[in-house]
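Readers should treat all values here as calculations from the given coordinates under stated rules, not as data from a laboratory. Remember, it's a predicted structure, so these values are computed and weren't measured experimentally. Here the Cβ is made from the backbone with ideal geometry for all residues, glycine too, and neighbour counts use every protein chain on show.
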2 protein chains.
Amino acid sequence: MKNRGRSGVTLADVAREAGVSAMTVSRALRNPDRVSARSRDAIQAVIERLGYVPDPAARALAAGRTNVIGVIVPSVTNNVFADVMRGIYDAAEGTPWQVQLGNSRYSPIAEEDLVRTFLSQKPAGLIISGIDQSEATAGLLRSAPCRIVQIMETGPDPFDMMVGFSHREAAGAATRHLLDAGYRRIGFLGARLDPRTQRRLEGFRVCLSPAGLLDEARIVTTPQPSSVTLGGHLMADLLSTAPDTDAVFCNNDDLAVGALFECQRRRIAVPGQMGICGFNDLEMMAAAHPSITSVLTFRHEMGRQAMSLLGAALRGEETSQPVVDLGFEVVPRATTDRTLQPGRAEGGGVRARAP
Amino acid sequence: MKNRGRSGVTLADVAREAGVSAMTVSRALRNPDRVSARSRDAIQAVIERLGYVPDPAARALAAGRTNVIGVIVPSVTNNVFADVMRGIYDAAEGTPWQVQLGNSRYSPIAEEDLVRTFLSQKPAGLIISGIDQSEATAGLLRSAPCRIVQIMETGPDPFDMMVGFSHREAAGAATRHLLDAGYRRIGFLGARLDPRTQRRLEGFRVCLSPAGLLDEARIVTTPQPSSVTLGGHLMADLLSTAPDTDAVFCNNDDLAVGALFECQRRRIAVPGQMGICGFNDLEMMAAAHPSITSVLTFRHEMGRQAMSLLGAALRGEETSQPVVDLGFEVVPRATTDRTLQPGRAEGGGVRARAP
DNA sequence: TTGTAAGCGTTATCAT
DNA sequence: ATGATAACGCTTACAA
């Protein structure tokens, strides 16, 4: 098999130059304190001189495991997951764990393939979004020889660990906020009905139904992926179906922003004639004019904690609490504050802040 | 070393069950047509029955290469890179290439580490953002034993291939658009001065300078990462420094949206008293009220082409054109259209579209 | 503290 | 078309 023209400096090269055996170099790399200071220094010098970098494939093959943490999210474009990913990367920094990202594109089949691919790499851990895995995927995960964290949601029967919150309750709280603000004919705008969206819709229904205020005609959804433009369209649909609607809970912030712009275009006063509440509380919501009420979710923290929990578990520090509920927070702002002095009709907004 | 309790079914297991040698199974997996139909079918059946999945580490070690495409971006939160990543994933779908993401967080040192880590994995290719690698990184890349695509920008001396556009020209065109629209006291709002931002600022200067309209006092920048909120703050700063400014070129769309909201808050008529132009043309820009002028960049296409180019090169299809300039497109909208009938002062906008 | 031997699961090479 | 054999670069297990 000879030399196939590989560039690499190997452990053996380093060992030879440093006048020790390969095993000592291997140890110096992973448990520096189990090697004499003298060897350690000599080895370190040679490594730098030769520019040695360990071959992860050889390592994985010999050790039967890797320091890879597989992360499976349904979207890489979505702001929400971008924040979660950043939290994961932040927590992984300075640790030996190497994050590897997989994008399931909201497809259960792609998700199953990803899990299979990740498992074939003998990962140290897996972080997977949601609690709605297919039966096949669930089977793989249940018998997986690594630690697993489910994120984004809490629910019963975790495979292992969980970091999330209740979307049902969060949506319920948002809807209650609209009720408390005095709105009565409340609509729901939703895009891409993934399982979390559906549970939010459920929370919406459960909040309005007992009060006799649930009107299915005010629920407007579409399978299309969400966008600001779509928020405008959904608002337009809602207004043509149920023109007397006086507030909307938007299933995410993009839709809420689009709904606000649509109101401004139509000279509908917000919050006077129409209340608007979003979901996630992206940075933009506070900066908008009028500022937009939303439900703050702790996305970055979710990623951070998922990774930290995994790290702790892998270090053998068993957590007493395998399911972490991060909660949420309704953030009331101008778009649902009827006590604000309404702007002129065509302004479509109020002054929420001094200039 | 015995059995360490690994879960895996191996090639040898499949070979034994199928009554052939390991090599035949290996061949059947990678070059099905170099194996008799009989063996092929028998092997396929056993693979499915046993649930065999190849071990990528063993494969990498034996073959000396992998089907990994390393992708290095400076941010995973930024919409722009999210779109590029989606393009890459889209183009990788259905190919044997496995995309692996690295986040350099705008740090040249982190970037160098990532390159080193990726190279240690013997990747089939590397996609790296920008043309401003450190000398150390450049050295690694020049002697890398794999194909390389630089994305986001075009420039001289590609390591190998390149897919991008000229940020300098794009910013110049945007500034020219503001001039053509009749604005004369034009400002620049910029956050995080990465190399691309700086080249955009350069394009801005080069456009205004010959006309004698460049006023450094109207250039407001900050090292902070960009956000909608920050766009408002920068606009506020600009107005206190140079209150007679009549238009701004914002270095990205978030800033532009924030600037627009700030104008609305202050009852500054847009586009009447203040023209606003963003950069990238995110989906939101068209949906805003008033709709916001921006410079469309082909982010998804950039990722798609980078990956396709790489795929073609790896298949041995040499491209005649190793540097692809995707260009850009100034998209004029309401925020720079002075011919529109101005809304009332406090409206801060115009009706860009019928309801 | 250090070294020796064996093998991890796959593919390249060369025969047959 | 198929197979025997020798690596690939590293780590586990055990011995010194």
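Which ordering of A:R304, B:R196, B:R65 is given by a fewest-first count of other beta-carbon atoms within 10 Å?
Details: A:R304 20, B:R196 24, B:R65 17.
If I rank by nearby Cβ atoms, fewest first, I get B:R65, A:R304, B:R196.
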Under 5 Å from the placed amide H of B:R147, counting only residues 5+ away or on other chains, we find B:L126
Here the range B:101-113 yields Karplus 3J(HN,Hα) values (6.51, -1.76, 1.60; θ = phi - 60°; whole Hz; Gly and Pro given as x) of 9, x, 10, 8, 6, 6, 10, x, 5, 4, 4, 4, 4
Here the range A:73-79 yields Karplus 3J(HN,Hα) values (6.51, -1.76, 1.60; θ = phi - 60°; whole Hz; Gly and Pro given as x) of 10, x, 7, 9, 8, 5, 3
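So, R0 is 41 Å and r is the distance between the beta-carbons of B:V323 and A:L179; what FRET efficiency does that work out to, to 0.05? List each step's numbers first, then the result.
On the way: r = 59 Å, r/R0 = 1.44.
Efficiency, from the Cβ-Cβ distance: 0.10.
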GNM of chain B, Cα pairs under 10 angstrom: of B:T197, B:T339, B:T229, the biggest fluctuation goes to B:T339
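So what is the calculated 222 nm ellipticity per residue for the protein assembly as shown, using -39500 (n - 2.57) for each DSSP H run with n of 4 or more, over all residues, to the nearest 500 deg cm²/dmol? Mind showing how you got there, number by number?
Details: 26 runs with 298 residues, N = 710.
The helix contribution divided over the protein assembly as shown gives -13000 deg cm²/dmol.
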In whole angstrom, the spacing between the Cα centers of the range A:166-220 and the range B:96-162 equals 47
